[in-house]
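Visitor: This structure is in structure tokens; I'll ask about it shortly.
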């Protein structure tokens, strides 16, 4: 489990101020990943979860940010080395973004409080420059000032630079993380401008336990495919939405589960034959039902979103697994009903070990390799 924290001050009056750039980057990430924050009073933060990552915005003031970080880290048993904090850095000029690990706070009071409350400085930071530092008595007023219109117009580059560091932090050791404005970063920016085009229709069927990350990965994949091509032909058939709107009245018995899958597969096949990528994140616990689903589409690809039962229970903020174990929820996959793991999926994602970005890249590479998608 990892923790990503954006620093800032609560209250509308602090919106668009230099001190709140950490909040703004967390919101930028949330928008890309389709996350929704919920206020958790006991954790003193607004919190969102995606696979094995907790995203947080402390609801304390900046100088007490350590309260939230410590509570979240203790509650989820997150080590200091797995914490990333996004902060404003007045000693760096605006547009400069740098990575830091296991270093002093440099006078940033939020970082000072976090270091004190969690008992050490061996955590990671993205330092987003908001300077030049006016120094002395002017500094406190300066960091609470709002960005100019000209500065706001450069915000996208600042966040892309920060994202470059964030993506590295998810996938490699801290000693290998590079700062922006080098060759690797320029290659990443070029890749971010890449457009994707669908060459032929496909049903992309994501199966796995509740909480394995099917919807999260689906939404991230869709976001990447449509980032620079809003006309990319795709349709998302979410399992929960289909049950609410198309399959009302079906229970979770084995017979009704087959009926549910049959209807979704039939609909996906009808849509995909018209040159559309149909993304279907649905539990589909039975191998036989998934094979039946495959028969309804000319082009079909099964993605096994694999995560251990222990891990998905850890992610379960709604407490569904606990309710199933107590007997309150009947026919719950993984507890009182079986899940038959895919024996020969086209793609397997290990979402309790991979980042969202790694899972999306694995699917995208397969789509390109099999000739369904091309980039340009």
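Visitor: Classify the stretch 1-84 from the C-alpha gyration tensor, please: rounded if a/c falls under 1.5, else prolate or oblate depending on whether a/b exceeds b/c. All intermediate terms of the calculation are to be shown ahead of the outcome.
Guide: Details: a/c = 1.73, a/b = 1.26, b/c = 1.37.
Oblate, since a/c reaches 1.5 and b/c is not below a/b.
Visitor: Given a Förster distance of 25 Å, report the FRET efficiency between residue 254 and residue 325 from their Cβ-Cβ distance, rounded to the nearest 0.05. Numbers along the way, then the final one.
Guide: Numbers: r = 20 Å, r/R0 = 0.81.
Taking R0 as 25 Å, the efficiency between residue 254 and residue 325 is 0.75.
Visitor: Can you give me the distance in nm between label points at residue 295 and residue 366, each placed 7 Å from the Cα along the Cα-to-Cβ direction?
Guide: Going from the residue 295 label point to the residue 366 one covers 2.2 nm.
Visitor: Moving to a separate point now. Taking 56 Å as R0, compute the FRET efficiency from the Cβ-Cβ separation of residue 316 and residue 139 and round it to 0.05.
Guide: Working: r = 44 Å, r/R0 = 0.79.
Computed FRET efficiency for residue 316 and residue 139: 0.80.
Visitor: Tilt of helix 183-192 relative to the longest C-alpha principal axis of the chain, in degrees (0 to 90, nearest 10)?
Guide: With rounding to tens, the tilt is 50 degrees.
Visitor: So if each residue of separation counts as 0.36 nm, and I subtract the Cα-Cα distance between residue 172 and residue 149, what length gain in nm does that give? Intermediate values should be presented prior to the final figure.
Guide: On the way: separation 23, 0.36 × 23 = 8.28 nm, distance 3.59 nm.
Contour length minus Cα-Cα distance gives 4.7 nm.
Visitor: So what is the relative contact order for the chain, in percent, with contacts set as C-alpha pairs under 8 Å and at least six apart?
Guide: It comes to 16 percent, rounded to a whole number.
Visitor: So for the stretch 34-138: antiparallel DSSP bridges make up what percent, rounded to the nearest 5? List each step's numbers first, then the result.
Guide: Numbers: 14 of 21 bridges.
Around 65 percent antiparallel, to the nearest 5.
Visitor: Please state the equivalent ellipsoid semi-axes for the stretch 196-375: what are the square roots of 5 times the Cα gyration tensor eigenvalues, largest first, in whole Å? Write out the running numbers ahead of the final one.
Guide: Numbers: eigenvalues 143, 72, 38 Å².
Semi-axes, largest first: 27, 19, 14 Å.
Visitor: For helix 21-33, what angle does its Cα long axis make with the longest principal axis of the chain, in degrees from 0 to 90 and rounded to 10?
Guide: With rounding to tens, the tilt is 10 degrees.
Visitor: If you don't mind, another one. Enter the angle in degrees (range 0 to 90, nearest 10) between the Cα long axis of helix 109-118 and the first principal axis of the Cα atoms of the chain, meaning the one along which they spread out most.
Guide: 60 degrees
Visitor: Right, another one. What's the exposure ranking of 243, 103, 290, going from fewest to most Cβ atoms within 10 Å? Display every interim value, and only then the final one.
Guide: Values: 243 17, 103 11, 290 22.
The fewest-first ordering by Cβ neighbours comes to 103, 243, 290.
Visitor: Looking at the stretch 196-375, what % of its DSSP beta bridges pair antiparallel, to the nearest 5?
Guide: Details: 3 of 21 bridges.
Taking every DSSP beta bridge with both residues in the stretch 196-375, the antiparallel ones total about 15 percent.
Visitor: Just subtract the alpha-carbon distance of residue 200 and residue 36 from 0.36 nm times their residue separation and send over the number in nm, one decimal.
Guide: Values: separation 164, 0.36 × 164 = 59.04 nm, distance 3.27 nm.
Separation in residues times 0.36 nm, less the Cα-Cα distance, equals 55.8 nm.
Visitor: Another question about this same structure. Rounded if a/c is under 1.5, else prolate if a/b is larger than b/c, else oblate: which is the stretch 2-190, with a ≥ b ≥ c the root eigenvalues of its Cα gyration tensor? Don't skip to the answer; put the middle values down first.
Guide: Numbers: a/c = 1.34, a/b = 1.09, b/c = 1.23.
Taking the square roots of the gyration eigenvalues as a ≥ b ≥ c, the stretch 2-190 is rounded.
Visitor: Is the C-alpha gyration tensor of the stretch 298-376 telling us rounded, prolate or oblate? Criteria: a/c under 1.5 is rounded; beyond that, a/b larger than b/c is prolate, otherwise oblate.
Guide: Details: a/c = 3.27, a/b = 2.11, b/c = 1.55.
In terms of gyration-tensor shape, prolate.
Visitor: I want to verify the translational diffusion coefficient of the stretch 235-317 in µm²/s; compute it with Stokes-Einstein, Rh as the Kirkwood radius over Cα pairs, at 4 °C and 1.567 mPa s.
Guide: On the way: Rh = 13.7 Å.
Estimated diffusion coefficient is 95 µm²/s.
Visitor: Roughly what % antiparallel, to the nearest 5, for the DSSP beta bridges in the chain? If you can, show how the numbers build up before the last one.
Guide: Numbers: 18 of 51 bridges.
Antiparallel: roughly 35 percent of the beta bridges in the chain.
Visitor: Report D for the chain in µm² per second (integer): Stokes-Einstein, Kirkwood Rh on Cα pairs, 25 °C, 0.890 mPa s. Let's see the in-between values first.
Guide: Working: Rh = 22.3 Å.
Answer, rounded: 110 µm²/s.
Visitor: While we're on this one: Only Cα pairs under 8 Å and at least 6 apart count here; give the relative contact order of the stretch 265-356 as a rounded whole percent. Can you show the working numbers first?
Guide: Numbers: 81 pairs, mean separation 32.2, N = 92.
With pairs under 8 Å counted, the relative contact order is 35 percent.
No lab work stands behind these numbers, since they all come straight from the coordinates. Small disclaimer: the values here were computed from a predicted structure and weren't measured. Neighbour counts are summed over all protein chains in view; Cβ atoms, including those assigned to glycine, are modelled from backbone coordinates with ideal geometry.
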